[in-house]
Amino acid sequence: MKKAIITVVGKDTVGILAKTCAFLAENGINILDISQTVVQGYFSMMMIVDVEGAVRPFGDVADGLAKIGDDLGLQAKCQKAEIFEKMHRI
Amino acid sequence: MINLSEAIETNKMIQDENLDVRTITMGVSLLDCADSSLETCCANIYAKLLSCAGRLVKTGEAISRDFGIPIVNKRVSITPAAIVGASCCKRPEDYVEIARTLDRAACELGVNFLGGFSAVVAKGMTPADELLIRSIPEAMAATERICSSVNVGSTKTGIDMDAVRLMGEIVKATAERTKDADSLGCAKLVVLCNAPDDNPFMAGAFHGVSEGDAVINVGVSGPGVVKYALEQVRGADFETLCETIKKTAFKITRVGQLVAQEASKRLGVPFGIIDLSLAPTPAVGDSVADILKEIGLAHPGAPGTTAALALLNDQVKKGGVMASSYVGGLSGAFIPVSEDQGMIDAVEAGALTIEKLEAMTCVCSVGLDMIAIPGATSAATIAGIIADEAAIGMVNQKTTAVRIIPVIGKDVGESVEFGGLLGHAPVMPVNSFDCERFVARRGRIPAPIHSFKN
């Protein structure tokens, strides 16, 4: 398993999760966990995904996701999980 | 399992608070490139650099993309060039040829700076060391990406005052030789005491002879992150203040450690050290001065500055040491003037003087850094400033450095623009009383008593 973390933040709108999930499915990426909140119209979402079976290189997946974010006026990122694990766990 | 708020916190540090990895610096030994023919030596150097560091920039970019963390600089440091060229360089011009070769290699590798056009002369200069030092003004003018450093003293050896005097002249000559670019050559030249062998930061980076064939050293940064964390505990007691800095430094350094290990693995080069430094840039929100202000000073330079900086420097180390398996380099808060908007503001407001900066260098890394002084300043005065800084380093068993720019044709009240990461600087006044008879003395200052530990 190769874990990555997807974060999407910005103004809430219809279809954020749908579009993100569709993109992940097309690219062979399995979702392990999702958490999200909407506070005062501000959307924050995090997914833990497994990119082991991804059909495209990791950098391309990250770029594709960023583009979906741009189209929706949000910031969408896909980063390898180690950066978060290293920073927040000993 | 990582939770949403932790993921958002990390990305906020990167996006809003300028968290980045400041540099991945590959140290490369050029000891095996030495030859009695200058041409062969240069060919060896070029080939070795390309074979060792050929994938450095691309690998850095790939790591940056995978983890979503900016890696600002990819750089190379080399064995002090004075040693590499010792058997083939008979004139200063020969060393300039080596500098040109290094510049070509740096350009081909795509690194923005290559450090190590250096001489380590803490106790005395060999003829080769002196030739290299005398070649510095021309080498700085003839190259774009080469950084030069000269180590003139150490706690163990004392201070080589002959080298100090010579460096006063060389700094002046470098300023003169690059006067068309506001004496920019001096921004790439630093005079050190107790220079570390594994420093990843320019302009003082070189790959010391105590190092292996190649190594990956990483310099982390993140003054903006510390500043933001301190905003959240405004007015709190010193315990809270220190704990907040420590925890933040820990988080920043863990990212550096991750990047260093990843770079080491992907490049097949051993991991050397993490340099725990708060390195500012001229960008808004990326300032060490702003942290000092957040701690409670109207401007750096106000009474209390040295204490605040000492506290900051110590907490950064305490947090960082826990977060990394190997720590080295300079490791401390940097206080350059031109590279930190808050420092520039403090100078322009009249709060910060060279003398106060000198006091600040007693408690942090590294020294008088990126300070523009009047072009008319004499070589003896510059040597005097270098001697003072070296003495602070020697006695306090720490690295100190001088990177000052006597801007030819400019005086106090004017300012100078270096551009990019080097920033801009107001020309600062220098104490004009004479020290000529002091620096004219020959020989060296003996090592201090507390260096005799055997």
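If the cut-off is a Cα-Cα distance under 21 Å, which lysines reach A:K11, setting aside same-chain residues fewer than 8 apart in sequence? Cα-Cα hits under 21 Å: A:K19, A:K67, A:K77, B:K12.
State log₁₀ I(q)/I(0) for the range A:26-90 at q = 0.13, 0.20 Å⁻¹ as given by the Debye formula over alpha-carbon point scatterers of equal weight, solvent excluded. The calculated log intensity ratios at q = 0.13, 0.20 Å⁻¹ are -0.42, -0.96.
Please work out whether the range B:162-202 counts as rounded, prolate or oblate from its C-alpha gyration tensor, where a ≥ b ≥ c are the square roots of the eigenvalues and a/c under 1.5 means rounded, while otherwise a/b larger than b/c means prolate and anything else oblate? Since a/c reaches 1.5 but b/c is at least a/b, the shape of the range B:162-202 is classed as oblate. Candidate cross-link partners of B:K90 among the aspartates and glutamates, defined by an alpha-carbon separation under 18 Å and a same-chain spacing of 8 or more, comprise B:D35, B:E39, B:D129, B:E130, B:E138. Amide H contacts of B:S149: B:G116, B:F117, B:S118, B:A119, B:V190, each under 5 Å away and 5 or more positions distant or on a separate chain (H built 1.01 Å from N in the peptide plane; Pro and chain starts excluded). All distinct Cα pairs of the range B:1-66 go into the 1/r average, and the inverse of that average, the Kirkwood radius, is 15.3 Å. Quick one: longest stretch of chain B between exposed loop chymotrypsin sites (Phe, Trp or Tyr not before Pro), exposed meaning at most 11 other C-beta atoms within 10 Å and loop per DSSP? Here the longest run is B:1-432. Selection among B:P280, B:I295, B:V218 by position relative to the dipole of the range B:218-447 gives B:V218 as farthest towards the positive end (Cβ unit charges, Cα centre). Taking the fewest neighbouring Cβ atoms within 10 Å as the starting point, the ordered list for B:V337, B:V111 is B:V111, B:V337.
Distance from the Cα centroid of the range A:22-75 to that of the range B:165-208 is 47 Å (rounded to whole angstrom). May I ask for the Kirkwood hydrodynamic radius of the protein assembly as shown, worked out over all distinct Cα pairs and given in angstroms to one decimal? Over the protein assembly as shown, the inverse of the mean reciprocal pair distance is 24.2 Å. Cross-linked pairs A:K3/B:K246; B:K48/B:K156; B:K188/B:K246; B:K188/B:K227; A:K86/B:K293; A:K86/B:K265: Cα-Cα separations exceed 23 Å for A:K3/B:K246; B:K48/B:K156; B:K188/B:K246; B:K188/B:K227; A:K86/B:K293.
With a/c under 1.5 counting as rounded, go ahead and sort chain B into rounded, prolate or oblate using the C-alpha gyration tensor (a ≥ b ≥ c being the square roots of the eigenvalues; past the cut-off, prolate if a/b is larger than b/c, else oblate). The shape class here is oblate. Averaging the sequence gap over all C-alpha pairs within less than 8 Å and six or more residues apart, then dividing by the number of residues, gives chain B a relative contact order of 18 percent.
The range B:7-56 and the range B:220-246 have Cα centres lying 32 Å from one another.
Annotation note: trypsin sites (Lys or Arg not before Pro) in the range B:63-111 located in DSSP loop regions with a Cβ neighbour count of at most 13 within 10 Å are B:K90.
Loop-located trypsin sites (Lys or Arg not before Pro) across the range B:359-454 with a Cβ neighbour count of 10 or fewer within 10 Å are B:R442, B:K453, with loop assigned by DSSP. Seen through its C-alpha gyration tensor, with square-root eigenvalues sorted a ≥ b ≥ c, the range B:171-329 comes out oblate because a/c lies at 1.5 or above while a/b is not bigger than b/c. The helix-based estimate of mean residue ellipticity at 222 nm for chain B, built from -39,500 (n - 2.57) per DSSP H run of four or more residues and divided by its residue count, is -14000 deg cm²/dmol to the nearest 500. Neighbour counts of C-beta atoms inside 10 Å place B:R254, B:R266 in the sequence B:R266, B:R254, starting with the fewest.
Ranked for footprinting exposure by Cβ neighbours inside 10 Å, fewest first, B:E211, B:E9, B:E169 give B:E9, B:E169, B:E211.
Taking every alpha-carbon pair under 8 Å whose residues sit at least 6 apart, the range B:20-70 reaches a relative contact order of 44 percent. If one puts a single equal scatterer on every Cα of the range B:218-447 and applies the Debye formula without solvent, what log₁₀ I(q)/I(0) results at q = 0.11 Å⁻¹? Debye intensities relative to I(0), on a log10 scale: -0.59.
Computed from the coordinates by the stated procedures, all read-outs in this text should not be read as laboratory data. Just so you know, these numbers come straight off a predicted model, no measurement behind them. Virtual Cβ from ideal backbone geometry, glycine too; neighbours counted across all protein chains shown.
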